[in-house]
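What follows draws every value from the coordinates through simple rules; no lab data is involved. As the structure is a prediction and not an experimental result, all values here were calculated from the model. Positions of Cβ are backbone-derived with ideal geometry, glycine not excepted, and every protein chain shown enters the neighbour counts.
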Ligand SMILES: NC(=O)c1ccc[n+]([C@@H]2O[C@H](COP(=O)([O-])OP(=O)(O)OC[C@H]3O[C@@H](n4cnc5c(N)ncnc54)[C@H](OP(=O)(O)O)[C@@H]3O)[C@@H](O)[C@H]2O)c1
């Protein structure tokens, strides 16, 4: 049976990369090596992580860095997803057994979402993984779909800003969506690396909790934020057509990307809620209502 010992990670100091590294180290199951553009920037890498500088434009540099690695976890930033193209090829050539490309969001196998321009770089990387796994059976991949991050700085800011009592309610605010803590995303990585066969060459869908915008506002109100809310309303069908128009005109700004993301994940009848999840397989326990409320409270107190 194949076991994973040596794990390389890209984006080890990033928003989701750091909690993944912390989880891998805490499990004491793996030796962790961070690949980075700038090896002189040693700060930010936790103790116990080996650091290797790589040149993402050089297949040879990447292949050399990945020699002896059993798995490669990418937490590459949204803006640099395409940079993973050489990384995937190098991983397969170097004998990496499992690659987890940088996804950590919506379910891009949902055909509605797959049509959006913002997701094409992630889809292209997954398709390259699929091709390499067909050509080389010792290489395999898994993508992690967690819908929204759940932390004081994400769902409780981007979706409902409970600290500043501000929210743009989409499609009435009762659309159920999945949200996942950084710790549970790290647990998904560990679960994949310890359940290789069950997770080979497929997406896994996870969540810590399922909630709605209106529920989050109600929780904040129960916690004392009763007055002074700045609430606006949007129709995500309108956001979608506006985003498509502006994208076609060359506007690839964060505002346009946010319109696509909102449509994809809290649009009524779209894709931010996964009815079937891999939580049990991967060891993700999820949160109860009190635990969700505690996260809302910590976001309010920030
Ligand atoms: N579902 C959600 O709510 C949600 C929210 C945010 C992000 N995400 C997803 O999570 C993934 C990671 O995002 P993140 O926000 O954690 O990333 P991040 O913190 O912005 O960046 C992660 C790392 O990517 C590397 N990087 C950035 N630009 C690069 C470039 N041009 N060339 C090479 N390396 C580069 C850097 O590593 P080095 O400096 O070490 O080289 C950086 O630390 C993405 O797929 C993103 O779409 C999902």
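Here is how the numbers come out for the structure above:
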| quantity | calculated |
| --- | --- |
| Kirkwood Rh in Å, taken over segment 219-300 so that all alpha-carbon pairs contribute | 15.9 Å |
| Cα gyration tensor shape for segment 51-156, rounded if a/c is under 1.5, else prolate or oblate | prolate |
| Whole-angstrom gap from segment 255-302 to segment 118-146, using each part's C-alpha centre | 24 Å |
| DSSP beta bridges in the chain [antiparallel fraction, %, rounded to 5] | 10 percent |
| Packing-based exposure ordering (other Cβ within 10 Å, fewest first) of 297, 122 | 297, 122 |
| Angle between the chain longest axis and helix 289-300 axis [Cα atoms, degrees, rounded to 10] | 80 degrees |
| The chain: angle of helix 236-248 to the longest principal axis, Cα-based, in degrees nearest 10 | 50 degrees |
| Cα-based Kirkwood hydrodynamic radius, segment 127-232, one decimal, Å | 15.9 Å |
| The chain, helix-only ellipticity at 222 nm - DSSP H runs n ≥ 4, -39,500 (n - 2.57), divided by all residues, nearest 500 | -11000 deg cm²/dmol |
| Over 30 Å [Cα-Cα, the chain], rounded percent | 34 percent |
| Cα-projected label distance for residue 28 with residue 281, points at 7 Å along beta-carbon direction, nm | 2.8 nm |
| Antiparallel %, DSSP beta bridges [both residues in segment 164-302], to 5 | 40 percent |
| Förster radius 45 Å - calculated FRET efficiency between residue 51 and residue 268 (Cβ-Cβ, nearest 0.05) | 0.50 |
| Order of 219, 300 under a 10 Å beta carbon neighbour criterion, fewest first | 300, 219 |
| 0 to 90° range, to nearest 10: angle between helix 84-94 axis and the chain longest Cα axis | 30 degrees |
| DSSP beta bridge pairing in segment 124-221, given as percent antiparallel to the nearest 5 | 40 percent |
| R0 of 22 Å, Cβ-Cβ distance residue 89-residue 2: FRET efficiency to nearest 0.05 | 0.55 |
